[in-house]
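Here's the structure we're looking at; comments come further down.
The values are calculated or read from the model by the stated rules, or taken from the named source; none is laboratory data. These numbers come from a predicted model, not from an experiment. Here Cβ is always computed from backbone atoms with ideal geometry, including for glycine, and neighbour counts include all displayed protein chains. Just so you know, the surface numbers come from the protein's heavy atoms only, side chains and all, with ligands and any DNA or RNA stripped out. Shrake-Rupley method; radii C 1.70, N 1.55, O 1.52, S 1.80 Å.
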Amino acid sequence: MGPLPLVNTRPSDAERDRALAVLREGAGSGRLSHDTFIRRMNFVLRAQSRGELDSVLTDLPRPEPRIAGWMRTTRTRLARVNVWRRLEDVLGIPLAKRELPAVPIQNLALPPAGTPTVRIGRGPGATLRLADLSVSRYHAELRHVGDGWMIRDLGSMNGTEHNGRRITTPVRVRPGDHLRFGAITFTLTWTDEPE
């Protein structure tokens, strides 16, 4: 004689408890009347097979497994974050204040006049490559214009700040100014100053 199908095997106490939890949820949510709940509860307690348990619960929603609930909640939260970030990208302004981790201030020497544009970011094409996740791949650029240097943000996610103010247009910079790229802050110095 071969093994019995699982439907015909005797239910365990844990399976009965799960079935009773589904019935309690059904009564609590108004899907079952009190009389129907009592009748089905007695049936669950006397059930001789898993198939009988299943027949009592066919018209009630089953509780989802914990991992499925956690995954659904996580996907929903991530989708909300992506929607806000896309909206920020379209509008070009931050909609939620992000706390960035504090990183010690470092000196950044302005290159000598005539130096080509300095691109700042995490990406492979950056002249000044900053390996911090708060820095965009193509974050900002320093360009020599006329008799001085200008900083321009390249549409970065966490923005570029000049002396504590977020910039949206090119701004002239001088030694002593503070530049912040994401969480990384620099104090500008002349090329020939010791660090």
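Across region 161-181, which residue is most open to solvent (accessible area, probe 1.4 Å) among those that are over 23 Å from G123 (Cβ atoms) and not in a loop (DSSP other than H, G, I, E, B)?
Among them, the one singled out is R165.
Out of all the residues in region 150-160, is one or more part of a strand (DSSP E or B), free of Cβ contacts under 8 Å to residues at least 40 places away in the same chain and polar (S, T, N, Q)?
Looking for residues that are part of a strand (DSSP E or B), free of Cβ contacts under 8 Å to residues at least 40 places away in the same chain and polar (S, T, N, Q), one finds at least one in region 150-160, hence yes.
Could you give every pair whose Cβ atoms fall below 7 Å, whose first residue belongs to region 98-122 and is surrounded by 13 or more Cβ atoms within 10 Å (Cβ to Cβ), and whose second residue is acidic (D, E) and at pLDDT below 65, counting only separations of at least 6 or pairs across chains?
Partner pairs satisfying both residue conditions: A109/E193.
Residues in region 124-150 that are open to solvent by less than 70 Å² (accessible area, probe 1.4 Å), within 19 Å of A183 (Cα to Cα) and either touching a His at 6+ places or on another chain (Cβ under 6 Å) or modelled with pLDDT under 90 (or both): how many?
Within region 124-150, residues that are open to solvent by less than 70 Å² (accessible area, probe 1.4 Å), within 19 Å of A183 (Cα to Cα) and either touching a His at 6+ places or on another chain (Cβ under 6 Å) or modelled with pLDDT under 90 (or both) number 2.
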